[in-house]
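Taken together, the values in this text are just the output of simple stated rules run on the coordinates, not laboratory data. Keep in mind the model is a prediction, meaning the values are calculated, not measured. Note that we place each Cβ from the backbone using ideal geometry, even for glycine, and neighbour counts take in every protein chain shown.
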Amino acid sequence: MKKILKGFLRSLGYTIAPIIVQAVEEDTLSISKEEMERFMYEGIHLHRYAPWLTDEKFKQLHNKIKDYTLVDAYRCYELFDIVQRLNNIDGDIIEIGVWRGGTSAVIATALQFVNSNKMLYLCDTFSGVVKAGDFDIRYKGGEHSDTSEQLVTDLLTSLQLKNFKLLKGIFPEDTGSAVENKTFSLCHIDVDVYQSGVDIVEWIYAKLSKGGVLVFDDYGFRGCNGITHLVNKLRQDEKWLYIYNLNGHAILIKR
């Protein structure tokens, strides 16, 4: 088993750090979620494309925001990169499902790096998940309520970010009217449940520029069956170009 594990990792192009080799040989490899994340980012030296490990601007930013998000470095970097690549697509950016503002800070910083004048709209109930239903086996409603508008504002202002506006309430019922006449180049959807995702897509489509992007978080994640179900329906629609990066993001580009 030990030889198989080492051989498998090396076949993927990984060089195993000595501490990991020792743990495998001594049969003491017991890794928590936090240790596994460190193992993936630090214990293994990747021989493949991994820009989140070499982009110094992103690494400095991620160190400042990582305690304010449940989104890992892979997906944070993808948002960081997509925002900059969409700079020439007309429209502001909207994030629905903000929690403590970690990914909000990533998006706002990326806009700043490309000297964009786009506004970032941050939408959240700040009282937890809403609209959980039959597709959402993990969620009942109210999860992720451990946040506040002030917490998000404090994080972004501490990073000298000003290009954002918070909208508190259920989206789009309570807050959609505040941005009803806006055009968007990117919509980051991190709402965890099916019906909320459905309502967002129906609302955003006409307001999304051609070439604009929807990024769904939690696609394929255990417990987020509703989001996976929704994306699997949308990917069949010719209105969208679908990309799945095997990291928990589903990306839909408006044709």
Taking R0 as 45 Å, what FRET efficiency do you get between residue 177 and residue 246 from their Cβ-Cβ distance, rounded to the nearest 0.05?
0.75
For residue 167, net neighbour charge (Lys/Arg +1, Asp/Glu -1) across residues whose Cβ lies under 13 Å away
-4
Want the number for residue 70 to residue 146: 0.36 nm per residue separation, take away the alpha-carbon distance, what's left?
26.1 nm
At most 16 other Cβ atoms within 10 Å and a DSSP loop assignment: could you name the trypsin sites (Lys or Arg not before Pro) in region 94-147 that fit?
138, 140
Apply the a/c threshold of 1.5 to the C-alpha gyration tensor of region 141-221 and tell me whether it is rounded, prolate or oblate.
oblate
What shape does region 51-254 have by the C-alpha gyration tensor, where a ≥ b ≥ c are the square roots of the eigenvalues, rounded means a/c under 1.5, and otherwise prolate means a/b greater than b/c and oblate the rest?
rounded
Tell me the net charge near residue 155. Cut-off is 10 Å between Cβ atoms, residue 155 excluded, with +1 for each Lys or Arg and -1 for each Asp or Glu.
0
May I ask which of 57/131; 118/140; 168/254; 140/162; 131/254; 118/239 have a Cα-Cα span longer than 32 Å here?
57/131; 118/140; 140/162
